Amino acid sequence: MQTRPDPATVLEAVAAFLQRELAPEVPDKALAFRTLVAANVTAVLAAEARAEDALASAELGRIEGLLGAEAAKGARAATDSLGRRRALGELDGALGRALATGALGRAVGGPLWQHVRATLDERLAVTSPRFDRRNDCETAPAPGAKGPR
């Protein structure tokens, strides 16, 4: 019996090859840099592929809390990742319209703000895991203070 690796595994292997084997052997520094960029993009795509279902499910749950279960019914019914992405895109549009009309409120720390913050945090955890996502990075420095706290 022969099985094929899933797309994320293939992307991870390509990223490792580009970064560990090819880039160190490229004599042209500019081309070696572009090879490392390609390795990074490929690794991010692999991480996104692995996390896609969990991220979509978490986002959908938050959107249901904001717009109601009926609004999110189409996304829950989607049977593949492309269908879920389309449905989440439509729900994002509905959130934007609700924000524009003031239906969801605009308060910092309110439910919509919490949803956007959580969505960004989840995506950054996948695409840029070393990015500082602490809550205190939003706090403005005290007058006269230098740099982040």
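Answer with yes or no whether ASP132 is at pLDDT below 90, over 30 Å from PRO5 (Cβ atoms), out of contact with any Lys or Arg (no Cβ under 7 Å at 6 or more places or on another chain) and among the acidic types (Asp, Glu).
Criteria met by ASP132.
Between ALA49, ALA13, which is aliphatic (A, V, I, L, M) and under 20 Å from the mean Cα position of the chain (by Cα)? Please lay out each step first, then the result.
Details: ALA13 fails: under 20 Å from the mean Cα position of the chain (by Cα).
Selected residue: ALA49, the only one of ALA49, ALA13 that is aliphatic (A, V, I, L, M) and under 20 Å from the mean Cα position of the chain (by Cα).
Conditions first: (1) without any contact (Cβ under 8 Å) to a residue 12 or more places away in the chain; (2) more than 25 Å from LEU91 (Cα to Cα); (3) not in a loop (DSSP other than H, G, I, E, B). GLN2 passes all but one, so which condition is the exception?
Only one criterion in (1) without any contact (Cβ under 8 Å) to a residue 12 or more places away in the chain; (2) more than 25 Å from LEU91 (Cα to Cα); (3) not in a loop (DSSP other than H, G, I, E, B) is unmet by GLN2, namely (3).
From the list LEU104, LEU91, pick out the single residue that is in contact with a helix residue (DSSP H, G or I) (Cβ under 8 Å, 6 or more places away or on another chain), closer than 30 Å to ASP6 by Cα and surrounded by 13 or more Cβ atoms within 10 Å (Cβ to Cβ). Talk me through it step by step, then tell me what you get.
On the way: LEU104 fails: closer than 30 Å to ASP6 by Cα.
Exactly one residue qualifies, and that residue is LEU91.
For the stretch 6-89, which fully contained helices (runs of 4 or more DSSP H) count at least 1 residues that are touching a residue at least 60 places away in the same chain (Cβ under 8 Å) and among the acidic types (Asp, Glu)?
So the answer is 29-67.
Do the conditions hold for GLY68, that is, is it surrounded by fewer than 16 Cβ atoms within 10 Å (Cβ to Cβ) and either touching a Lys or Arg at 6+ places or on another chain (Cβ under 7 Å) or closer than 21 Å to VAL126 by Cβ (or both)?
Answer is no for this residue.
List pairs: first in the stretch 109-134 and over 19 Å from LEU60 (Cα atoms), second of a type outside the set (Gly, Ala, Ser) and modelled with pLDDT of 90 or more, Cβ under 6 Å, 6+ apart or cross-chain?
Final answer for the pair search is THR127/VAL44; PHE131/LEU124; ARG133/ASP121; ARG133/LEU124.
The values are calculated or read from the model by the stated rules, or taken from the named source; none is laboratory data. Since the model is a prediction, treat every value here as computed from it, not as a measurement. Don't worry about glycine lacking a Cβ; one is built from the backbone with ideal geometry, like all the others, and counts go over all protein chains shown.
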